[in-house]
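A.B. asks: One structure, as structure tokens, below. Some questions next.
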Amino acid sequence: MKWINQWPTWKTSPLKFVTEGLGANPYPWQAEALEAIASHDRVAVRSGHGVGKPAFECWVGLWFQLTHFPCKIPVTANSQDQLRDVVWAELGQWFRRLPTEAQSQFEFGVERISLRAAPEESFMVARTASRDRPEALQGFHSKNLLFVIEEASGLEDIVFEVAQGALSTPGAKVVMAGNPTRSEGYFYRAFHELRDNWSTFRVSSTDIPHASGHVNEIAKAYGIDSNVYRVRVLGEFPDRDTMTVIS
């Protein structure tokens, strides 16, 4: 099968997997971040809206699942709606872009993608994380682990505290992305006092051509000096943690 022949190259280069296996054309920041996850265990992306974060997260998840065995990939966010309507919907679109022979090896479900030949050893699964359910990332064990964390700024610290053992597993990879809505918490610290442990990226909506409408709307409604503009357009943390930043 052709995709099997490409496997050794794709395993070492997520960017080649995305361009060759999925036929995608990543933005420059996506290309850089894809290469970063191949060589670095921890990647964090803060950004404005409309820059392609969900696509990037899905590409990383599919790359890992197709090129690592056994593997477990928990994908989490702080709401079921965010997981179902944004991440999993995007994931389904890209899964259908895989070569047919690759698709046939996997079972795609509403909350889980598993390898047909070994469904308990190799899978990607959606898990909602919240203060009331902090164990979403806990208890995963595999030779190959990838944690994908959507809208990470909105997750409470207790989620990361409970998951610390799994996240610290030697060789485990972690990708987290989101709008930087809070100047505190684990996501914030990844760009500051924990930065030595993370490969970090900041992406502004102004760098993405199709996001210009969003940029103009936010500027007109809140002003370019507002925290909303900082967070939702520039991908910067707010100057002060106030309720002016819409959660």
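The values are calculated or read from the model by the stated rules, or taken from the named source; none is laboratory data. This structure is a prediction, so every number in the text was calculated from the model and none was measured. Neighbour counts are summed over all protein chains in view; Cβ atoms, including those assigned to glycine, are modelled from backbone coordinates with ideal geometry. Note: areas computed on protein heavy atoms with side chains; ligands, DNA, RNA excluded. Shrake-Rupley method; radii C 1.70, N 1.55, O 1.52, S 1.80 Å.
A.B. asks: Set the Förster distance to 51 Å, then compute FRET efficiency between Gln164 and Glu217 from the Cβ-Cβ distance, nearest 0.05.
C.D. replies: Computed FRET efficiency for Gln164 and Glu217: 0.85.
A.B. asks: Follow-up question, since we're still on this one. Probe of 1.4 angstrom, ligands and nucleic acids ignored: what's the accessible area per residue over segment 104-223, in square angstrom?
C.D. replies: Per-residue value: 48 Å².
A.B. asks: Next up: Just order 219-226, 28-35 by mean Cβ neighbour count inside 10 Å, highest at the front, would you?
C.D. replies: 28-35, 219-226
A.B. asks: Taking R0 as 45 Å, what FRET efficiency do you get between Arg195 and Thr100 from their Cβ-Cβ distance, rounded to the nearest 0.05?
C.D. replies: Working from the Cβ atoms, E equals 0.60.
A.B. asks: Excluding same-chain residues fewer than 8 positions from Lys173, which lysines have a Cα within less than 30 Å of its Cα?
C.D. replies: Lys2, Lys11, Lys16, Lys53, Lys72, Lys143
A.B. asks: Express as a percent, rounded to the nearest 5, the fraction of DSSP beta bridges in the chain (both residues included) that run antiparallel.
C.D. replies: Restricted to the chain, the bridges split so that about 20 percent are antiparallel.
A.B. asks: In nm, give the distance between the simple-model label positions of Ala31 and Glu184, each being 7 Å from the Cα along the Cα-to-Cβ direction.
C.D. replies: Here the modelled spin labels are 4.1 nm apart.
A.B. asks: If you keep only loop residues by DSSP, which GluC sites (Glu not before Pro) in segment 79-168 have at most 16 other Cβ atoms within 10 Å of their Cβ?
C.D. replies: Glu111, Glu120, Glu121, Glu156
A.B. asks: Testing the spin-label approximation: label points 7 Å from Cα along Cα→Cβ at Thr19 and Trp7. State their distance in nm.
C.D. replies: 2.4
A.B. asks: Another question, if that's okay. I'm spelling it out carefully: the read-out is Cα extents along the principal axes in Å, the candidates are (1) 54, 38, 33; (2) 64, 47, 32; (3) 52, 34, 34, and one was derived from this structure. Which label?
C.D. replies: Evaluating Cα extents along the principal axes in Å on these atoms matches (1).
A.B. asks: Nearest 500 deg cm²/dmol is fine: what mean residue ellipticity at 222 nm does the chain get from its DSSP H runs of n ≥ 4 alone, each adding -39,500 (n - 2.57), divided by its residue count?
C.D. replies: One gets -9000 deg cm²/dmol as the mean residue ellipticity at 222 nm.
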